[in-house]
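The values are calculated or read from the model by the stated rules, or taken from the named source; none is laboratory data. Here the structure is a predicted model, which is why all the values come from computation and not from measurement. Using ideal geometry, Cβ is built from the backbone for each residue, glycine included, and neighbour counts are taken over all protein chains shown.
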Amino acid sequence: MKSKYTALWMLLAVALMVVCIISFADDVSLFGLKIKKAPIAENLTKPFETSEEKEIKEQARRMEAQRKEEVKVVPVDSAPQNFLIFGDSMSENLALRLAAYAAQNGHTLHTVNWDSSGTRIWATTDTLDFYIKKYQPTFLFVTLGSNESFARNVDSYRPYVQSILKKMGKIPFVWIGPPSFKEEHGFNDMLLEELPAGTFFRAHDLKLERRKDKIHPTVAAAAYEVDSLARWMRHSAHPILMQVPADSLSKTKLSQIGITYLKAKH
């Protein structure tokens, strides 16, 4: 006698088969929207690693991370800088505190905030090229990775990071790592490996209070993040004047600093 659940099991089996087929297919769109695929194909086709191989790989990561932390002492560049901070939505409140540092130390600041963006979209468009040409920055702050830091296939983002590095050229920069709000799977380690020594600030290790969305740090937490960044920059690859702003400068409002807001089309 057939079970009364036979039809239900058959329906679930068909649904699972459809999901598996889609995971192996190229990008799928429905009514103009890109369907996010489950990482089934990736997990089934990726090479098997023994526990010993994984440990060797992890040791190599740690050794590379340690090497990147061993930065030579560089004199502080006392010249006024023309800042450009660009990246995802995390850049907004960071720019607010960074503006106070700029005012205190004689720097100027430009901000490009691209909501929901990540390394892929900045690497594959001419947006960064456009704003570097427009503002002619002498120092860059990158805030990218928050929308990608919980991805499992972190190696797939290396080409995007490398492309962004090429776009920035010889302009001194600091990449402010994502203050991850979910469990991450090596994204910060990947950034540390790809970026030149002394250019990666690992914000992931900071304890930051979040806004109601539980994703973005509060204004006060973002200020603390920039203060921590300023202290770290004394030992970075290109230290610049970053004296703590006077209390009067700490009351800067978003309306007082020019921010370019972009909307990601993906």
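Among the residues of segment 209-255, how many are at pLDDT below 90 and not in a helix (DSSP H, G or I)?
11
Across segment 166-200, which residue is nearest to the chain's Cα centre (by Cα) among those that are among the polar types (S, T, N, Q) and in a loop (DSSP other than H, G, I, E, B)?
Residue satisfying both the conditions and the ranking: 180.
If you take the residues in segment 95-126 that are of a type in the set (S, T, N, Q) and under 13 Å from residue 85 (Cα atoms), which one is nearest to the chain's Cα centre (by Cα)?
113
From the residues in segment 144-165 that are hydroxyl-bearing (Ser, Thr, Tyr) and in a helix (DSSP H, G or I), which one is surrounded by the fewest Cβ atoms within 10 Å (Cβ to Cβ)?
So, considering only residues that are hydroxyl-bearing (Ser, Thr, Tyr) and in a helix (DSSP H, G or I), the one surrounded by the fewest Cβ atoms within 10 Å (Cβ to Cβ) is 156.
Mind checking which residues of segment 188-220 are farther than 23 Å from residue 73 by Cα and either among the hydrophobic types (A, V, I, L, M, F, W, C) or not assigned by TED's automatic domain parsing to the domain that holds residue 147 (or both)?
190, 206, 208, 215, 219, 220
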